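Student: Sending over a structure as structure tokens; questions will come in a sec.
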Amino acid sequence: MADKALRLKMERGQCMDLFPVPASAVAQALAPFGLEERDALSDLLPEGTFYSPLGPSDVQSGDQGDAASYTLGKKLKKSQYVARAPGLLRMLFQPWFSQEALDRLAAGRWRCENGILAPAELGEVRLPIPRPQARLDRGGLVHRMVWEADQDLTLEVFLPRELALAPGRELEMAGAVLTVEGQMDVPPVAGERWLLLSAGIPARPEELPSEDGAGSWRLCLAEGGPALKPGSWLRWPGVLPTDFWVGRPPYLFRL
């Protein structure tokens, strides 16, 4: 897979109906610029992050007798994103990760805020704030969740190839106007694990590998059928098979 990241800016105060923006909405916005239906791409994610891998290690909640440790463990367990730092990504799959993460959080070497686990030197990564909103739609009152940014946000989508999008181009996506900042190469971390960065990907559960160490995934319902949750990861030696996926393939980043 090619690894390109399209960087987009969301200005302060703009709203999105959904966040993260799913790959389907990204594909719709990018289709006029050369994206094809068969191309795989990721959801729109905060700059420099991936979805946290699901269940790569036994993340504990910390010692309930130690309030500070317990609080840090709860934050770690609920983190939805992880910083795209090679050393951190490799550690996620080690059996001793949970205790090491708690030690580093307690020492201030890592931080776990806004649902993002990251090394402290990367600084704080901010996310939009969800706020409920009611609006009238065809005569009825409809409640929905919108996302309000208290500062400008840089977001990224991972693409299979480069698109002809000049910096400054504006894209409408999920209720917000995003400005293209440019594209960059994202070299994958060498390994055999493939991390799912697209939500709502239909899958055939009976065809997923079940042997120990093959991966970790969770299923949900999407469009009436089983789908893999983002952050699921799978592991195979050699070439990644494609016959497990139904419809458009997902974006899988090689770790």
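Student: For the range 185-198, enumerate the residues that are more than 15 Å from Gly215 (Cα to Cα) and open to solvent by 70 Å² or more (accessible area, probe 1.4 Å).
Tutor: Asp185, Pro187, Ala190
Student: If you check Ser232, Ser198, which single one turns out to be within 20 Å of Leu41 (Cα to Cα), polar (S, T, N, Q) and either touching a Gly at 6+ places or on another chain (Cβ under 8 Å) or at pLDDT below 85 (or both)? Break it down into steps so the answer makes sense when it comes.
Tutor: On the way: Ser198 fails: either touching a Gly at 6+ places or on another chain (Cβ under 8 Å) or at pLDDT below 85 (or both).
Every option except Ser232 fails the conditions.
Student: Do any helices (runs of 4 or more DSSP H) lying entirely in the range 25-123 carry at least 2 residues that are more than 22 Å from the chain's Cα centre (by Cα) and modelled with pLDDT of 85 or more, and which ones are they?
Tutor: Numbers: elements: 67-78, 86-91, 97-106.
Output list reads 97-106.
Student: Continuing with the same structure: Can you confirm whether Pro226 is more than 16 Å from the chain's Cα centre (by Cα), open to solvent by 20 Å² or more (accessible area, probe 1.4 Å) and at pLDDT 75 or above? Steps first, please.
Tutor: On the way: more than 16 Å from the chain's Cα centre (by Cα): yes; open to solvent by 20 Å² or more (accessible area, probe 1.4 Å): yes; at pLDDT 75 or above: yes.
So Pro226 fits the description; yes.
Student: Could you list, in sequence order, the residues of the range 114-132 that are of a type in the set (D, E, K, R) and in contact (Cβ under 8 Å) with a residue 12 or more places away in the chain? Please lay out each step first, then the result.
Tutor: If we filter the range 114-132 for residues that are of a type in the set (D, E, K, R), which is where we start, we get 121, 124, 126, 131.
Hits for the range 114-132 are Glu124, Arg126, Arg131.
Student: Which of the residues spanning the range 206-223 are assigned to a loop (DSSP other than H, G, I, E, B), open to solvent by 80 Å² or more (accessible area, probe 1.4 Å) and not acidic (Asp, Glu)? Outline the logic, then answer.
Tutor: Quick first cut of the range 206-223, residues assigned to a loop (DSSP other than H, G, I, E, B) only: 208-214, 217-218, 223.
From what is left, the residues that are open to solvent by 80 Å² or more (accessible area, probe 1.4 Å) are 210-212, 218, 223.
Within the range 206-223, Ser210, Arg218 meet the criteria.
Student: If I ask for residues that are hydrophobic (A, V, I, L, M, F, W, C), part of a loop (DSSP other than H, G, I, E, B) and under 18 Å from Pro22 (Cα atoms), which ones from the range 160-185 would you list? Outline the logic, then answer.
Tutor: If we filter the range 160-185 for residues that are hydrophobic (A, V, I, L, M, F, W, C), which is where we start, we get 163-166, 171, 173-174, 176-178, 180, 184.
Filter once more, so that each one left must be part of a loop (DSSP other than H, G, I, E, B): 163-166, 174.
The answer is Ala174, and nothing else.
Student: Can you name the residue in the range 235-255 that is buried (at least 20 other Cβ atoms within 10 Å of the Cβ) and in a loop (DSSP other than H, G, I, E, B) and is also modelled with the highest pLDDT among such residues? Explain how you work it out, then say what you get.
Tutor: Taking the range 235-255 first, the residues buried (at least 20 other Cβ atoms within 10 Å of the Cβ) are 250-253, 255.
Still in the list and also in a loop (DSSP other than H, G, I, E, B): 250-251, 255.
Details: Pro250: 80, Tyr251: 87, Leu255: 81.
Checked the range 235-255; the qualifying residue modelled with the highest pLDDT is Tyr251.
Student: Still on this structure, I have one more. Look at Val180 and say whether it is touching a residue at least 24 places away in the same chain (Cβ under 8 Å), within 18 Å of Ala31 (Cα to Cα) and surrounded by 12 or more Cβ atoms within 10 Å (Cβ to Cβ). Even if it seems obvious, please write down each step before you answer.
Tutor: Numbers: touching a residue at least 24 places away in the same chain (Cβ under 8 Å): yes; within 18 Å of Ala31 (Cα to Cα): yes; surrounded by 12 or more Cβ atoms within 10 Å (Cβ to Cβ): yes.
Yes.
Student: Also: Are there any pairs with C-beta distances below 6 angstrom linking a residue in the range 133-147 that is modelled with pLDDT of 70 or more to a residue that is outside any strand (DSSP E or B), with the two at least 6 apart or on different chains, and if so which?
Tutor: Trp147/Phe19; Trp147/Pro128
The values are calculated or read from the model by the stated rules, or taken from the named source; none is laboratory data. Since the structure is predicted, the reported quantities are computational estimates derived from the model, not experimental observations. Quick reminder, even Gly has a Cβ in these numbers, built from the backbone with ideal geometry, and neighbours come from all protein chains shown. Just so you know, the surface numbers come from the protein's heavy atoms only, side chains and all, with ligands and any DNA or RNA stripped out. Shrake-Rupley method; radii C 1.70, N 1.55, O 1.52, S 1.80 Å.
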